[in-house]
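Notes to accompany the following structure.
The values are calculated or read from the model by the stated rules, or taken from the named source; none is laboratory data. A quick note: this is a predicted structure, and the numbers were derived from the prediction, not measured. Quick reminder, even Gly has a Cβ in these numbers, built from the backbone with ideal geometry, and neighbours come from all protein chains shown.
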Amino acid sequence: MGGSLIVKAEEAAFSLEKSKTIVAFGDSITRGYGVPEGKVWVDLLSARLEKKARQKDFSVLNAGGNGNTSGEGLKRIEKDVLSKMPALVLVEFGGNDTRHTAGGLTVDEFEQNILEIHKLVKAKGGTIALLTFPPVVNEWHALWKDPYYAKWGGLDQCAEQYRERTRELAKKLDCPIFDLDKFLRKQMKSKGQGKIIAKDGVHLTVEANELIADAIADFISKEFIKK
């Protein structure tokens, strides 16, 4: 971790001590599509943070939108994110940006949207952390045989462009990143794909959400909360 990143993490830690509002901002992975209410990683995060950080009263709000691209998220950022005055915004987009039908976005357009999200959150005194889009099991996905994705070798490989750009943006913006993709691939390897990825090939199981809640609580505690 570079020196400048440590400074930013310390500033964010100070903010989290004064304002314990965290907003998870993303697509259906954040919203928790297909997962029972109360079992989504965002729902579990407050209790996990209280346990791991030994601090109470965290308010973790879910601003996920099923099917949202980064551009669609940006259109609702004022209402769903900035109006909540969060100290920290967890930003997770990219999967729906891969669409080649109406509404899909190029990797460069995706980057511009993330930069704008960062700018707007920062202007309100908040901090962002980036999350990469999780793995896709090509063979299980409805678009598995869509010829558009063949040039990359599948939808998962197409989505990798957006994951990699997210990683690059974390370096460019000097902000913390939780690599959800890499984290879940490790879990898939040890537990099996079906324990982590739902039958539709893209959304996440209840077990995956529990694992994510634990891991992101550790991530936030390490990066943003003073000991």
Would you check if there is a residue in region 56-72 being of a type in the set (K, R) and buried (at least 18 other Cβ atoms within 10 Å of the Cβ)? no
How many residues does region 189-227 hold that are buried (at least 21 other Cβ atoms within 10 Å of the Cβ), closer than 13 Å to P135 by Cα and either among the β-branched types (V, I, T) or modelled with pLDDT under 95 (or both)? 3
Taking region 187-208 as the search range and keeping residues that are under 20 Å from G94 (Cα atoms) and part of a helix (DSSP H, G or I), which one is farthest from the chain's Cα centre (by Cα)? I196
Restricting to region 134-184, count the residues that are under 18 Å from I212 (Cβ atoms) and either over 16 Å from the mean Cα position of the chain (by Cα) or outside any helix (DSSP H, G or I) (or both). 8
When you scan region 32-93 for helices (runs of 4 or more DSSP H) that lie fully inside it, which ones turn up with 1 or more residues that are free of Cβ contacts under 8 Å to residues at least 40 places away in the same chain and aliphatic (A, V, I, L, M)? 41-53
With the structure loaded, tell me whether T132 is buried (at least 24 other Cβ atoms within 10 Å of the Cβ), at pLDDT 95 or above and either among the hydrophobic types (A, V, I, L, M, F, W, C) or in contact with a Ser or Thr (Cβ under 8 Å, 6 or more places away or on another chain) (or both) or whether it fails that test. yes
Taking interchain pairs and intrachain pairs at least six residues apart, which have beta carbon atoms under 9 angstrom, with the first residue in region 149-177 and under 25 Å from H203 (Cβ atoms) and touching a residue at least 60 places away in the same chain (Cβ under 8 Å) and the second part of a loop (DSSP other than H, G, I, E, B) and acidic (D, E)? R163/D179; T166/D179
Consider region 82-96. How many of its residues are more than 14 Å from the chain's Cα centre (by Cα) and not basic (K, R)? 5
Do the conditions hold for L211, that is, is it of a type outside the set (S, T, Y) and part of a loop (DSSP other than H, G, I, E, B)? no
Of the residues L82, L143, which single one is surrounded by 15 or more Cβ atoms within 10 Å (Cβ to Cβ) and under 30 Å from T21 (Cβ atoms)? L82
Looking at region 165-188, can you tell me whether even one residue there is small (G, A, S) and either within 17 Å of I29 (Cβ to Cβ) or at pLDDT below 95 (or both)? no
Over region 111-142, the set of residues farther than 20 Å from F178 by Cα and among the basic types (K, R) is K124
